[in-house]
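Presented below is the structure to which this report refers.
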Amino acid sequence: MKNGPTTRGAGGARGPLRFGEDPLLWAAWLYYEDGMTQGDIATQMGISRASVNAYLADARERGIVSIEIDPDRFRALSIAQTLQEHFDLMDCLVIPSDGRGKPLIDRLGDAGAQVLARTAQSGDTIAITWGRTMLSLADSIRTSGLQDLRVVQATGGTTAKIPWTPEACATTLSDALGARCIPISAPAIVSSPEMRELLLREPVIAEQMGVLSEANRIILGISSLRPESTIHTSGFFDAVDMQDYGNAAVGSIAGRLISASGEAVAGPLEPRTIGIDLDSLRTIPCRIGVAGGMDKVQAILAALRGKLVNVMVTDADTARAVLASEGRDIGAPKRTNKAGSALPERLRVKKFLNRPQDAVNEAIAGAVLAHEGLLSPIDGAPRALKAAIGPRPGKVGLVIGGGSGHEPGFLGYVGPGLADAVAIGNIFAAPPPDPILAATLAADGGAGVLHIFGNFSGDVMNFEMAADLAAAKGIPVRSIITTDDIASAPVETRAARRGVAGNVFVFKIAGAACDRMLPLDRCAELANRATQRCYTMGIALEPGTSLETRRPSFRIGPDEMEVGVGVHGERGIASDRLVSADAATDLIVDRILTEMAPAEGDRVALLVNSLGSTPQLELYIINRRLRQRLRARGVTVHRTLIGHYYTSLDMAGVSITAMLLDDELAALLDHPCQSPAWRVV
Amino acid sequence: MFTRNDLTLLFRVLAERMGAEQDYLAELDGEIGDADHGVAMSVGFAAAAKALSEGEADAPRLADGMVLAARALLNEIGATTGPLYASALLHAAKLLGQETEIPLARLPEVVVAISEGVAARGLGKPGDKTMLDAWAPAAHVARAGLMAGQDVLDTMTKAAQAAAEGAEATRAMMAAKGRAARLGPRSLGHLDPGAASAAALLDSMAQWVAAKAGRSVQ
């Protein structure tokens, strides 16, 4: 016998010595480690099968055995259960959101096909709507061996310019199921209500609509009305102004618009639509909705609230977002906290402040005094400063600016070889047009003015308004909007990215170009090249403190960090497990190198920047790892800035910026400059 | 009638409301933005009310008042909120033309103008999870009320209600504009602070109309 000699004792066999007198441990070992059946275990232990069963249950209860389900799947299961309970669904399937490369629509199609295959019965009449997910479902369903099935189009037809028409979805599904296919031989939207009445009286169409009314199962997609939605390419809503619907519609099912509560939204299309209406839809006993994606959250929520769907197939992220919108927060799986209890949280943070509302003005006053030879005030514009040397005739003026809280940004970069003037906003708020205009006038040397600011809606609006005002006064302005934060949007939508610490390099390149008396277009072109070649990413360990409330603006868990943070004390793109300095550096470097794709021998400039309260010691540790990685990639470092260059008040964290250099950028970087925050001699 | 003095009084009420909502708005903004919306709205509307009050003699037309308020908001707030509300009030100024007073029944037109001004400046669309998600449904109700010749208090009350519902609906939206847009899916489940403050403004407007008409809001 595999487990060695056994001796019979009272109530059963005696187990090997290593199990001591603990029959639970023995039974658990045989079951989970040796993979024996409960029957075999009963024989070996000399007890009844019922006892084995009881032992195993006991072993789990006492923690001798702990069962772990793959966290991704576990999360999906628990979300599905919550979704089902919350919306009173018949059933619910939630698939993991990470498909390891396979598109969500295809995976949703697979999952929907599984659900349909499992629930469909012989004799069913199954209606199907249209769309990418529906076609993917129809494509991937396997024959079920059922008999006397009918598949019917839920709506009339649409333009044939798309591959996922109602006709295509219905015929593909009926072919796969071996069902009879019943089309609706009319357009989904007709030109007038009269035409609709006329068509519905046609015997062929009336018969088809009759079959549709007999549907006992419907499989439907849920469409958002967001601009990127495929509904706008379907021809369904062509030439209809959404204003007619008073913006009440948040989604669409079977070509019918639905409100946030899942009710029909009355509008000009309603009496011209041929297909199932929402009231009839609700009478179908089994209504399987298959949809996912963050753009659809609002529409899916509406469909669930309105009971238009009673079996839901979606993915974990979408489901969680739907539940979050209902105030049900299903967090990420709980991680075991090896450190034990949480660190005490700072509820009130001590600050050197007088009245919080005076902080910005008082800081400006102090800065002007500290850097007397470099900065001077601008008359009549308390929130703008200029370089003490003033504009040089024939030189392009450089104006920078943004909210306060980034010190030494932005006034730290004013001086010879850098900016000529700066506009200063409230904490993390863009400056209004007036100080930007004052800075522009102060910087004007008759050769035009260059504005450089980060890509935030407030900065863009206010700088644009100021540029218009300056143009009206005869000063040509070129604007460079920086977008170096690679974590803030994917590379395909680079223009949507935030402008963060990379600004420091862009200011330097532009300042040097202006100082070399290059013309405005050339200065703009170089500044643009600099921002295109800057790659920044940040990680935060602790949130920043609001000056008004003196409380942290959000919470980061004791063993968590925020990845992809910007510079306004906001959360990152994602929360991640806290890791070592080297691992955190690698996280950033991996992203930067992937996107920069430097060749061996390429040169970069580096900025290892504290977001506020991370000390120099930690920055050096990070820099050490950063350089190891760059050396391994064969990338050389032309110049390193390390310290507080572009902060987010007192946030603890770091950002790394790498700028890929060419000879021209390297020369401009080495050009002399003198400012409160940066000096090159 | 709605007079130039009424405009000052209305903005005082709005400023008071924004002061009262300051902490709540800051908290909402802390979740998905940079926590500055509470201060911005409170300080900005206080400055607008002050400018309206001080400029009453020099700027007697309603449009002048709107321009004063717009400039005060713009230069006090900056950020995103400043230009958006400045544009909104400049649209309202255009609507009011040379008038020194208008019938109270025309107040819903101001709501429509504000909504259009916000949309024109921000280039946003409903569903982007912005203040427009409160203003646009309110404007729709205001337009319908004007067309139907509905009682002004009734229209303003319904507009405020539509704005509140619109703001609540931003929970299910993923931000497509503004700073929260970088949070992507993480913005879901949270109220948009700009929509929340817009709903509060409309609620105060409806209550002001009720007080003016000597009735209470149902």
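The values are calculated or read from the model by the stated rules, or taken from the named source; none is laboratory data. Everything numeric here is computed off the predicted structure, so don't read it as measured data. Neighbour counts run over all protein chains shown; Cβ positions are idealised from the backbone, glycine included.
Here is how the numbers come out for the structure above:
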item	result
Residue in region A:271-285 that is crowded, with 19+ Cβ neighbours inside 10 Å, out of contact with any Cys (no Cβ under 6 Å at 6 or more places or on another chain) and among the basic types (Lys, Arg) present	no
Qualifying positions in region A:469-479 - out of contact with any Gly (no Cβ under 8 Å at 6 or more places or on another chain) and either within 13 Å of another protein chain (Cβ to nearest Cβ) or in a strand (DSSP E or B) (or both)	A:Leu469, A:Ser479
Selected residue [among the charged types (D, E, K, R) and touching a residue at least 60 places away in the same chain (Cβ under 8 Å)] from B:Glu31, B:Glu27	B:Glu31
Breaking point among (1) within 14 Å of another protein chain (Cβ to nearest Cβ); (2) crowded, with 23+ Cβ neighbours inside 10 Å, for A:Leu607	(1)
Test: residue in region A:652-662 that is assigned to a strand (DSSP E or B), in contact (Cβ under 8 Å) with a residue 12 or more places away in the chain, touching a Ser or Thr at 6+ places or on another chain (Cβ under 6 Å) and of a type in the set (A, V, I, L, M)	yes
Unmet criterion (only one of (1) aliphatic (A, V, I, L, M); (2) buried (at least 24 other Cβ atoms within 10 Å of the Cβ); (3) over 29 Å from A:Pro490 (Cβ atoms); (4) at the interface with chain A (Cβ under 9 Å from one of its Cβ atoms)) for B:Leu201	(4)
Options B:Ala175, B:Ala195: the member that is assigned to a loop (DSSP other than H, G, I, E, B) and either in contact (Cβ under 8 Å) with a residue 60 or more places away in the chain or within 12 Å of chain A (Cβ to nearest Cβ) (or both)	B:Ala175
Looking only at region A:90-106, and only at residues there that are of a type in the set (A, V, I, L, M, F, W, C) and out of contact with any helix residue (DSSP H, G or I) (no Cβ under 7 Å at 6 or more places or on another chain), the one that is surrounded by the fewest Cβ atoms within 10 Å (Cβ to Cβ)	A:Met90
Output for region A:600-648, where each listed residue is more than 17 Å from A:Met537 (Cβ to Cβ) and among the aromatic types (Phe, Trp, Tyr)	A:Tyr620
Strands (runs of 3 or more DSSP E) within region A:480-592 that include 2 or more residues surrounded by 24 or more Cβ atoms within 10 Å (Cβ to Cβ) and either within 14 Å of chain B (Cβ to nearest Cβ) or at pLDDT 90 or above (or both)	A:534-542
The one condition in (1) over 30 Å from A:Gly446 (Cβ atoms); (2) basic (Lys, Arg); (3) under 28 Å from the mean Cα position of the chain (by Cα) that A:Arg550 fails to fulfil	(3)
Subset of region A:355-409 [closer than 17 Å to A:Val449 by Cα and either of a type in the set (D, E, K, R) or part of a loop (DSSP other than H, G, I, E, B) (or both)]	A:Lys386, A:Ile389, A:Gly390, A:Pro391, A:Arg392, A:Pro393, A:Gly394, A:Lys395, A:Val396
Considering residues of region B:149-168 that are closer than 20 Å to B:Glu116 by Cβ and among the hydrophobic types (A, V, I, L, M, F, W, C) only, the residue nearest to the other protein chains (Cβ to nearest Cβ)	B:Ala162
Residues that are within 12 Å of another protein chain (Cβ to nearest Cβ), crowded, with 20+ Cβ neighbours inside 10 Å and not in a loop (DSSP other than H, G, I, E, B), drawn from region A:454-468	A:Gly454, A:Ser457, A:Gly458, A:Asp459, A:Met461, A:Asn462, A:Phe463, A:Met465, A:Ala466
Any hit, region A:385-405, residues being within 14 Å of chain B (Cβ to nearest Cβ), without any contact (Cβ under 8 Å) to a residue 40 or more places away in the chain, closer than 30 Å to B:Gln22 by Cα and surrounded by fewer than 24 Cβ atoms within 10 Å (Cβ to Cβ)	no
Subset of region B:178-192 (residues that are small (Gly, Ala, Ser) and facing another protein chain (nearest Cβ under 8 Å))	B:Gly178, B:Ala181, B:Gly184, B:Gly189
Condition met for A:Arg335 (within 11 Å of chain B (Cβ to nearest Cβ) and either part of a loop (DSSP other than H, G, I, E, B) or at pLDDT below 95 (or both))	no
Residue match in region A:417-434 (condition: closer than 17 Å to B:Thr80 by Cα and of a type in the set (Asp, Glu))	yes
Helices (runs of 4 or more DSSP H) enclosed by region A:240-325 - at least 3 residues per element that are within 11 Å of chain B (Cβ to nearest Cβ)	A:297-305, A:316-325
Test set (1) within 12 Å of another protein chain (Cβ to nearest Cβ); (2) in contact (Cβ under 8 Å) with a residue 12 or more places away in the chain; (3) part of a helix (DSSP H, G or I); (4) of a type outside the set (Asp, Glu) - A:Ala442 fails condition number	(1)
Test: residue in region B:159-167 that is touching a residue at least 40 places away in the same chain (Cβ under 8 Å), in a helix (DSSP H, G or I), buried (at least 22 other Cβ atoms within 10 Å of the Cβ) and more than 16 Å from the chain's Cα centre (by Cα)	no
Test: residue in region A:346-354 that is within 14 Å of chain B (Cβ to nearest Cβ), modelled with pLDDT of 75 or more and crowded, with 20+ Cβ neighbours inside 10 Å	no
Unique match (being hydrophobic (A, V, I, L, M, F, W, C) and in contact (Cβ under 8 Å) with a residue 60 or more places away in the chain) among A:Val563, A:Val579	A:Val563
Tally of residues being touching a residue at least 24 places away in the same chain (Cβ under 8 Å) and touching a Leu at 6+ places or on another chain (Cβ under 8 Å) across region A:69-109	13
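Residues checked against (1) closer than 15 Å to A:Cys523 by Cβ; (2) touching a helix residue (DSSP H, G or I) at 6+ places or on another chain (Cβ under 6 Å); (3) β-branched (Val, Ile, Thr):
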| residue | (1), (2), (3) |
| --- | --- |
| A:Glu407 | no, no, no |
| A:Tyr413 | no, yes, no |
| A:Leu437 | no, yes, no |
| A:Gly445 | yes, no, no |
| A:Gly448 | yes, yes, no |
| A:Phe456 | no, no, no |
| A:Met461 | no, yes, no |
| A:Met465 | no, yes, no |
